[in-house]
Every structure is written in C-alpha cells, then in structure tokens.
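Trainee: Quick one: structure below, then a few questions.
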Amino acid sequence: MKYWSKSSLSIYRYLEKMTNTLDKLILDLSKHSNNVSMIKNQTTYNQARKLIELLDRKRKMINLKVAVEDSLAGLNKIDRRILTLVFIDGAKSEMIAQILGVSLRTFFRKKVIALNKFNSQMIAKGFDLDFFIREYSKEQWILSVYEECVNKYNKEDETMDVCIVKRVLNEISKVTLGNSIYVC
C-alpha cells in the first residue's frame, strides 16, 4: 500500500490536467455525435459506451484527487508540507531540509514518518489496496507511475541496505583489544 500512497502523491499534480483533458474529449465526442462521418464509423451504442467510459475515467481521477486532498488534510502542518514539497512540488531533499531548518538526516526521518501517517490516513478513509486495484488497474499511465515508484524506492531501500551493511562490516572489522583498536 505504501507504493500506492507514494504513487497517488506523485500523480496528484497531473490529475487536474487529466480531468480537463477528459472534459474536452467528452465535449468533443458529444458535439460530434451527430456528425455524418462519425455515424458511418460508430453506432450510437458505441458512442454512448465511449462517453460512459470517459465519464468513468473522469470520476476516477476526481476520486483520486479527493483521496489525496482528504488524506493530506488529516496530517499535521509539517507532515503535509513535507509531502507536498517532495511529491507535488518536486523539491530537492536538501532544499526542503533547509526550508524546514533541519538536517538532511532529520528531514529523511520526518519524510518516512509523514508517509506512514499519509498511508494510514488513506487506509482509514477507505482508499486501501483493494480500492486502488479495483479503480486503477486499467489506467495504464497510473500503473506506470506505480511501477516507477516501486522500482525507485526498492533501489533506495537496497542502497540504504548496502550502506548499513558496509557500516556494520566496517565496525566488525575493527577489533578492540583492551584500549587498542585494530583494523583488519
């Protein structure tokens, strides 16, 4: 679920444009439904089906936008600001740490906490894993963002794991005998 939460935050900045694009497509399809050349190519049933499909996609985009906004609203001001700066504004970690007046390490800790709280808010409001699978499994562009999030954060986790292992190995390679430290 944490990847869906991150994906939702990453997608949020595009939802209004996507909704506007769908509005335009719906309007164009409605306007041109009486066009003679369109009648040759599509039956009334097919046009209605396409219109319903576009309206459903628009509903899903609006629902996702509301889910993110509601979940962000349930966070405290600092957590909301961190997630907005990271995922919606795309600000760099160093800049966010400077804005918040904290060290980079503290920022990363606060970011993890904020993401966990956001994830909990999403689940509490009914936007759980089942919701995302049911609603967005056919939205290819959303699935692409989701897969990018999974790959990106798995790489970060692996990098952090490697750093931790190196640090542990470095500590293990130091042998303490009395007051002397010997490095192997």
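Trainee: Inspect segment 32-44 for any residue being in contact with a His (Cβ under 9 Å, 6 or more places away or on another chain) and of a type in the set (A, V, I, L, M) and give the result as yes or no. I'd like the intermediate steps shown before the answer.
Mentor: Taking segment 32-44 as the starting set, the residues that turn out to be in contact with a His (Cβ under 9 Å, 6 or more places away or on another chain) are 38.
Next, only the ones that are of a type in the set (A, V, I, L, M) stay: 38.
Yes: one or more hits.
Condition check ((1) exposed (fewer than 15 other Cβ atoms within 10 Å of the Cβ); (2) at pLDDT below 95; (3) under 17 Å from the mean Cα position of the chain (by Cα)) across all residues:
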{"residue": "H32", "(1), (2), (3)": "yes, yes, no"}
{"residue": "V36", "(1), (2), (3)": "yes, yes, no"}
{"residue": "T43", "(1), (2), (3)": "yes, yes, no"}
{"residue": "R57", "(1), (2), (3)": "no, yes, no"}
{"residue": "F87", "(1), (2), (3)": "no, yes, yes"}
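Trainee: Then there's this: Just to be sure I understand the filter: pairs with C-beta atoms under 6 Å, separated by 6 or more residues or on different chains, first member in segment 71-89 and farther than 16 Å from F127 by Cα and free of Cβ contacts under 8 Å to residues at least 40 places away in the same chain, second member among the basic types (K, R) and outside any loop (DSSP other than H, G, I, E, B). Which pairs pass?
Mentor: If the second residue must be among the basic types (K, R) and outside any loop (DSSP other than H, G, I, E, B), the pairs left are D79/K117; I82/K110; I82/K111.
Trainee: Right, something else. Filter segment 114-130 down to the residues that are of a type in the set (G, A, S) and surrounded by fewer than 20 Cβ atoms within 10 Å (Cβ to Cβ), then identify the one that is nearest to the chain's Cα centre (by Cα). Steps first, answer last, please.
Mentor: Applying the first criterion (of a type in the set (G, A, S)) to segment 114-130 yields 114, 120, 124, 126.
Imposing the further condition that a residue be surrounded by fewer than 20 Cβ atoms within 10 Å (Cβ to Cβ) reduces the set to 120, 124, 126.
Working: S120: 14, A124: 17, G126: 17 Å.
Out of the qualifying residues, it is S120.
The values are calculated or read from the model by the stated rules, or taken from the named source; none is laboratory data. The structure presented is a predicted model; accordingly, all values stated were derived computationally and were not measured. Here Cβ is always computed from backbone atoms with ideal geometry, including for glycine, and neighbour counts include all displayed protein chains.
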